[in-house]
Amino acid sequence: ADFDAKKKRKVAEIYRALNSDPIDVATLRRMAISEGGLLTDEIRCKVWPKLLSVNTDDLPPLPARKELREDSKDYQQVLLDVRRSLRRFPPGMPDDQREGLQEELIDIILHVLKRNPQLHYYQGYHDIVVTFLLVVGDRLATALVEKLSTHHLRDFMDQTMDNTKHILNYLMPIIDQVNPEVHDFMQSAEVGTIFALSWLITWFGHVLSDMRHVVRLYDFFLACHPLMPIYFAAVIVLHREQEVLDCECDMASVHHLLSQIPQDLPYESLISKAGDLFVQFPPSELAKEAAQAAQAERTAASTFKDFELASVQQRPDTVLRQRFRERLRGEERLRGEERTKSILTKPRTNRFVKLAVMGLTVALGAAALAVVKSALEWAPKFELQIFP
C-alpha cells in the first residue's frame, strides 16, 4: 500500500511538471532518474519527447513505404536485422501484429537514414528503435529516434567505429576509480572492453530480456548525459566484482563471463550508483585516462576487425584468443619488468575515499542536476549541444 501511495504521488508530480507553463523539464528529468523511472508507457509517451525536446504538435507524416525501400542502400541489412529481432517483441503477441510492427520498424529506420545522410546504420540500432516503437508507436518513435540519432547515438553512427571505441575507453578508468583490484585484474587478463560493445550501442536493449528493465533504463539514459550508458556498464562490472575476481585470469574466461549479462540485476540501486559515479568522476576528469587507454591499448580487443566480429554477434572469444597468442609471441620481451613497473607506479587518485566501502550515495536529485549541468564538459572533440 505504501508503494502504491508513493507511486500515486510520483504520477501526480509528473503531471504537475507536464502541465506547468513552461513545462518543468528539470523535474521530469529527476522523475525519470529516480526510483521506478516514469512508471508507465502512457507517461513515457508524454515525457520522453520533453526529455529530447521534440515538438509533438507537428510530427511529419511517414513517407511512402515502397519508395523508401527502393531508394535505400541499407534496406537488405535492416531487413535481416529486423527479421532476427523476434525476441524483442512481447511473448504471445500474435504473428500478424508482430509482422506489422516489424514492417513499421524497417520504415522508421530507413526514414531516419534517408533524412540524415550523414548517419550510418549499424547492427544493433534496430534494438533501440524497436524499444521506442513498442512504447510510443511509429509516428512519435520516428521523431524521437531521429533526435536521438543526431545527438546521443551520433557517435555510433559514424562511418568508422573510432568514436564508439573512444566511448568504450571510458569504461576502465571508471572501474579503476572505484575498484582498482577489479581494474588491475581485467588489465592483466587483457580482456579489453569489447564485451560491453553491444550493451552500449543498443542501450542494453539487445542483452536484457525483460522489456520492463529496458524501458526503465531508457528513462534514465534519456534524462542524462549521453555517456551515462558507459557508467552503467561500469556499475554492472563492479556489481559482479566477486565473480570477476574468482574467474581464471585470461582473456577468454573473463570475456565470456562478462558478456553473459545476469538478468536479475538490482536495477534501481545500479542506476543510483551510476548517477553517483557520474557526479564524482565526470567525463571531463576521465577524458585524459580514456585517451591514455586508447594509446596504451593496442591490444587485440581494440582492433577494428574484432569490433566488426562482435557487432555481428559472433562469439569473439576464439578470434580474440588467436590474436592474443600472436601478440604474446611478438611481445614477450616487453612483459615482465615494464608491466610490473607501470602497475606499481600508477597513481591512485581519489582513493582515500574507498567509495565501494562507504556506499556513498549522493541524493539523486542533486545527481540529476549535476548530470545535466556537466553534460557538455567531456572530450573536446564532441562539441554537440546535447541539452537545450
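Throughout, read-outs are computed from the coordinates displayed, never taken from laboratory work. Computed from a predicted model, the values in this text were never measured in an experiment. Methodologically, a virtual Cβ is constructed for each residue, glycine included, from the backbone with ideal geometry; neighbour enumeration extends over all protein chains shown.
Details
- Across the stretch 159-313, the relative contact order, built from alpha-carbon pairs under 8 Å that are at least six residues apart, equals 38 percent.
- One way to sum up the overall shape of the stretch 1-155 is the equivalent ellipsoid from its Cα gyration tensor, whose semi-axes run 31, 19, 13 Å, largest first.
- Relative packing of peptides 88-96, 283-291 - highest average C-beta neighbours within 10 Å first: 283-291, 88-96
- For the stretch 200-216 versus the stretch 236-290, the spacing of their alpha-carbon centroids is 16 Å.
- Mean Cα-pair separation over length for the stretch 1-141, i.e. relative contact order, pairs under 8 Å, 6 or more apart, %: 23
- Which listed pairs, of Lys7/Lys114; Lys8/Lys273; Lys66/Lys165, have C-alpha distances above 30 Å, in listed order: Lys7/Lys114; Lys66/Lys165
- Cα centroid separation - the stretch 81-149 against the stretch 1-66, whole Å: 21
- For the stretch 159-313, the Rg and Dmax computed from alpha carbons only, in angstrom: 14.4, 39
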